[in-house]
1. Looking for whichever is out of contact with any strand residue (DSSP E or B) (no Cβ under 7 Å at 6 or more places or on another chain) and of a type outside the set (A, V, I, L, M) here; the options are A:Gly111, A:Gly161, A:Gly148, A:Gly100. Which one fits?
2. Scan the stretch A:210-230 residue by residue and report those that are buried (at least 24 other Cβ atoms within 10 Å of the Cβ) and either aromatic (Phe, Trp, Tyr) or not assigned by TED's automatic domain parsing to the domain that holds A:Ile261 (or both).
3. If we keep just the residues of the stretch A:98-121 that are polar (S, T, N, Q) and over 12 Å from the mean Cα position of the chain (by Cα), which is nearest to the other protein chains (Cβ to nearest Cβ)?
4. If we keep just the residues of the stretch B:211-250 that are among the hydrophobic types (A, V, I, L, M, F, W, C) and touching a Lys or Arg at 6+ places or on another chain (Cβ under 6 Å), which is farthest from B:Thr158 (Cα to Cα)?
5. Taking the stretch B:259-283 on its own, how many of its residues are closer than 21 Å to B:Leu238 by Cα, in a loop (DSSP other than H, G, I, E, B) and either at pLDDT below 95 or not small (Gly, Ala, Ser) (or both)?
6. State whether the residues of the stretch A:196-209 include one that is surrounded by fewer than 19 Cβ atoms within 10 Å (Cβ to Cβ) and either touching a residue at least 40 places away in the same chain (Cβ under 8 Å) or more than 14 Å from every other protein chain (Cβ to nearest Cβ) (or both).
There are 2 protein chains.
Amino acid sequence: MRVLRPTVTPYIMGCASVGGNKERKGQLGDLFDITYTDDRFGKDTWEEAESEIQRLSLTKAMEKCNISEKDIGCMFAGDLLNQCGASVFGLLDYKIPLFGIFGACSTAAEGLILASLSVNAGIDLCSVSVSSHNCSAERQFRYPVEYGALRTPTSQWTVTGGASFIVGCRKENALAEIKAVCPGIMCDSGITDANNMGAAMAPAAADTFIAYFNETGESPEDFDYIFTGDLGAEGSDLFRLLMAENGYPNIANHRDCGLLIYDPRDEDIKCGGSGCGCSAAVLSSLILPDLKRGRLKNVLFAATGALMNAATVQQGNTVPGICHLVKLCSTGG
Amino acid sequence: MRVLRPTVTPYIMGCASVGGNKERKGQLGDLFDITYTDDRFGKDTWEEAESEIQRLSLTKAMEKCNISEKDIGCMFAGDLLNQCGASVFGLLDYKIPLFGIFGACSTAAEGLILASLSVNAGIDLCSVSVSSHNCSAERQFRYPVEYGALRTPTSQWTVTGGASFIVGCRKENALAEIKAVCPGIMCDSGITDANNMGAAMAPAAADTFIAYFNETGESPEDFDYIFTGDLGAEGSDLFRLLMAENGYPNIANHRDCGLLIYDPRDEDIKCGGSGCGCSAAVLSSLILPDLKRGRLKNVLFAATGALMNAATVQQGNTVPGICHLVKLCSTGG
């Protein structure tokens with residue numbers, strides 16, 4: 001039993017998204033709550049800039065929900081920096097219990113699942129905050145962007161951005177209902193190329209969706225859309241192939257957050273966006289508002305993560321993938 | 001309200017501890033389930049050795065509980081390596097949903113709290129696995145041990161070891177009951193010395209204990225012991241000072257896991273043990289067995305973490321602390 005159906009229904013009460021300059025110029029630029037033209041967000045280092053993304057998104061999400069820090073029982077927060085550094089320094093001023101989490105680019109969905117469990121265990125209101133920053137991530141995992149290293153065709157562009165979500169037990173004014181969750185199992189398909197994360201994550205995405213559909217008896221056509229986190233172009237092709245091989249040939253309603261966020265004419269992007277901030281910002285800026293206004297009735301949101309660090313890659317380890325899934329429904333429906 | 005009292009009582013059903021050579025020669029050496037004289041644990045790298053600690057401890061804990069991976073609804077796992085690397089590669093063979101967590105050296109208690117919430121949300125059985133390794137941690141946070149860098153008087157010795165815990169809803173044969181939990185809020189006291197983690201964590205420990213005692217009306221004397229994670233000698237002194245300043249002068253029953261694990265005559269250790277594996281191994285090898293056999297009736301177990309990474313330290317950031325607390329009671333009492 002991987003699919004969990006909460007007995008106390010958790011709702012996403014509010015959210016806020018933050019983006020950098022390339023995100024501002026992307027397809028969803030106008031939908032972000034906050035964007036900066038300066039990717040340093042007024043700070044001295046890329047790491048401090050990413051912390052500022054965390055701080056801005058949680059502050060904005062709380063403001064939009066009209067709540068203060070004393071209302072929040074606990075925060076779940078994560079990012080791609082070593083030891084959750086962006087979350088720690090971004091949220092340091094909040095006097096709220098903190099659970100640091102790590103699911104690579106799947107962290108938003110991991111946080112939403114854990115927030116759902118917390119609401120079921122009696123915590124009235126939780127927050128989930130995630131972020132990524134192109135420049136802090138690239139220098140940590142690959143090369144400082146200042147080096148101007150050539151990027152391979154399968155590489156993806158780490159999103160400079162993030163989002164925060166407020167999850168609680170009240171239906172009133174909620175953006176969406178969390179109807180079911182399906183946490184991810186690690187899948188290792190032997191990929192050792194840290195520049196091909198789509199291929200590393202696609203098997204995990206297929207594994208989670210297949211487990212979900214098999215257990216529930218639901219199928220892709222039952223949903224307005226099924227979203228994957230950030231498989232990008234390469235990973236999305238592989239994902240659809242794997243789904244077809246496993247009895248789901250018809251997933252025309254599949255969309256990938258990594259392919260939704262940027263301007264497709266931007267050649268820097270290569271295979272699409274990635275990073276914790278990618279799926280989180282798409283969920284916050286595009287999907288949840290459409291669920292709120294009833295334009296969407298129900299979706300599956302499945303964020304995907306590539307599990308690695310610079311040392312494991314250098315030591316020749318594979319890059320296992322993981323995919324956490326959340327079923328979201330309009331509260332009007 | 002920081003203290004949460006589960007409505008469905010979670011129990012620690014089983015546990016297992018793993019240690020390296022210095023841990024084997026320490027005060028609790030005979031109480032570990034598995035120890036190795038070779039700190040590489042038969043592997044090629046320190047990182048793989050740490051992954052092996054994760055794998056060994058979970059395998060042993062499941063074996064001691066007579067359960068298999070299909071019985072476990074989800075795993076919580078974390079370590080000190082970048083991007084939870086030891087957890088990922090140590091637990092990769094387990095086909096169990098994984099939640100990566102990070103609370104620095106407080107990760108064991110963070111995991112026990114989240115496992116308790118999960119049991120309350122309807123997951124029958126969860127596992128919590130944490131690890132640290134002296135050589136993988138030192139080279140990542142400070143210097144490779146092969147450099148032979150001099151260690152300052154306030155430094156602590158990262159434990160090569162770890163433990164896994166099985167948390168579930170059945171009282172039968174349980175080691176202990178998780179009666180209440182109190183998650184930690186980050187406390188920043190301005191420490192910038194990555195070699196004085198005791199001072200960085202002591203204010204967080206005091207903050208969590210004071211919040212717990214104030215909310216519950218309980219006091220230190222109500223417990224057989226109150227354990228802190230790995231404050232070490234320096235941090236323990238500061239912790240007692242802070243507790244005394246806040247109305248708790250009498251905590252003679254305070255013990256610190258960092259001061260319990262090693263042979264006090266070992267001069268390498270300086271101020272005591274640290275690392276995710278420190279408090280976890282002490283809980284697994286010493287505290288839980290004593291609760292099981294009724295030698296202890298009730299304890300507070302509060303693991304402490306220093307939140308930093310190599311870059312934040314180099315950039316001059318402070319080292320905030322965090323402390324997650326779990327109240328454990330004998331099931332016989």
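1. On inspection, the qualifying residue turns out to be A:Gly148.
2. A:Phe227
3. Our first condition is that a residue be polar (S, T, N, Q); within the stretch A:98-121, this holds for A:106-107, A:116, A:118, A:120.
Of the ones still in play, those that are also over 12 Å from the mean Cα position of the chain (by Cα) are A:116, A:118, A:120.
Details: A:Ser116: 8, A:Ser118: 5, A:Asn120: 4 Å.
The extreme case among them is A:Asn120.
4. B:Ala211
5. So the count comes out to 5.
6. We begin by selecting, within the stretch A:196-209, every residue surrounded by fewer than 19 Cβ atoms within 10 Å (Cβ to Cβ); these are none.
The answer is no; no qualifying residue exists.
Let's see how each residue does on (1) among the acidic types (Asp, Glu); (2) part of a strand (DSSP E or B); (3) over 20 Å from A:Leu31 (Cα atoms); (4) out of contact with any strand residue (DSSP E or B) (no Cβ under 6 Å at 6 or more places or on another chain):
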residue: A:Leu291; (1), (2), (3), (4): no, no, no, no
residue: A:Leu296; (1), (2), (3), (4): no, no, no, yes
residue: A:Phe301; (1), (2), (3), (4): no, yes, no, no
residue: A:Met308; (1), (2), (3), (4): no, no, yes, yes
residue: A:Val319; (1), (2), (3), (4): no, no, yes, no
residue: A:Ile322; (1), (2), (3), (4): no, yes, yes, no
residue: A:Lys327; (1), (2), (3), (4): no, yes, yes, no
residue: A:Gly332; (1), (2), (3), (4): no, no, yes, yes
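Yes or no, residue by residue, for (1) away from chain A (no Cβ under 14 Å); (2) crowded, with 24+ Cβ neighbours inside 10 Å; (3) of a type outside the set (Phe, Trp, Tyr):
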position	(1), (2), (3)
B:Lys270	yes, no, yes
B:Leu286	yes, no, yes
B:Lys292	yes, no, yes
B:Leu300	yes, yes, yes
B:Gly305	no, yes, yes
B:Asn317	no, no, yes
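The values are calculated or read from the model by the stated rules, or taken from the named source; none is laboratory data. This one's a predicted model, so the numbers in the text were calculated from it and none came from an experiment. Glycine gets a Cβ as well: all are built from the backbone with ideal geometry, and neighbour counts include every protein chain shown.
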